[in-house]
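Single-structure report; data block below.
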Amino acid sequence: MIQGMHLTPIGDGNVLLEPGTGLDPADPAAYLVPVLQVLQVHSARRLLYDLKNVPLLDEVYFRWLTALHGACRISGIDLVTVNMQPEAAFALSHLLTGPPPFICARDVDQVRRRTRTG
């Protein structure tokens, strides 16, 4: 386990990241290499970032997600956010000038259905 997050392989090349209260999104450098190491060990194709316990996406958190997306993309891994709360989606919409760089899905099951059918 990495300080502030829990990473769980859930099959089909998916790894679920559940952030905890100890996560400091202001310091992406502290997390990027350890997260990528876990993803590579599990031959991940997708990192599913569970936002169910993240009530608000501010500029700091968005920069963290953007940095994580960049690191994943360079490694050939898709970053998919899941379970985004309506309040967080609304706040995120005010930060964006275009579509988010990462993929957004309603939940883990939607990602699994999408990867099986196409």
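Among the residues of the stretch 70-78, are any surrounded by 12 or more Cβ atoms within 10 Å (Cβ to Cβ), of a type in the set (Ser, Thr, Tyr), out of contact with any Phe, Trp or Tyr (no Cβ under 7 Å at 6 or more places or on another chain) and in contact (Cβ under 8 Å) with a residue 12 or more places away in the chain? Yes - at least one qualifying residue is present in the stretch 70-78. Exactly one residue out of Tyr61, Tyr49 is in a strand (DSSP E or B), open to solvent by less than 60 Å² (accessible area, probe 1.4 Å) and within 18 Å of Asp24 (Cβ to Cβ): that is Tyr49.
Given the criteria touching a helix residue (DSSP H, G or I) at 6+ places or on another chain (Cβ under 6 Å), assigned to a strand (DSSP E or B), open to solvent by less than 50 Å² (accessible area, probe 1.4 Å) and touching a residue at least 24 places away in the same chain (Cβ under 8 Å), does Leu16 qualify? It would help to see each step written out before you state the result.
Numbers: touching a helix residue (DSSP H, G or I) at 6+ places or on another chain (Cβ under 6 Å): no; assigned to a strand (DSSP E or B): yes; open to solvent by less than 50 Å² (accessible area, probe 1.4 Å): yes; touching a residue at least 24 places away in the same chain (Cβ under 8 Å): yes.
Taking the combined requirement at face value, the residue does not satisfy it.
Out of the residues in the stretch 90-102 that are surrounded by fewer than 17 Cβ atoms within 10 Å (Cβ to Cβ) and touching a residue at least 24 places away in the same chain (Cβ under 8 Å), state the one that is farthest from the chain's Cα centre (by Cα).
Leu95
Within the stretch 82-118, the residues that satisfy the criterion of being assigned to a helix (DSSP H, G or I) and under 15 Å from Leu56 (Cα atoms) are Pro86, Glu87, Ala88, Ala89, Phe90, Ala91, Leu92, Ser93, His94, Leu95.
For the stretch 32-46, a residue qualifies if it is assigned to a helix (DSSP H, G or I) and open to solvent by 20 Å² or more (accessible area, probe 1.4 Å), and the qualifying residues are Leu32, Val33, Pro34, Leu36, Gln37, Val38, Gln40, Val41.
The values are calculated or read from the model by the stated rules, or taken from the named source; none is laboratory data. Just so you know, these numbers come straight off a predicted model, no measurement behind them. Glycine gets a Cβ as well: all are built from the backbone with ideal geometry, and neighbour counts include every protein chain shown. Keep in mind that these areas ignore ligands, DNA and RNA; they rest on the heavy atoms of the full protein, side chains included. Shrake-Rupley method; radii C 1.70, N 1.55, O 1.52, S 1.80 Å.
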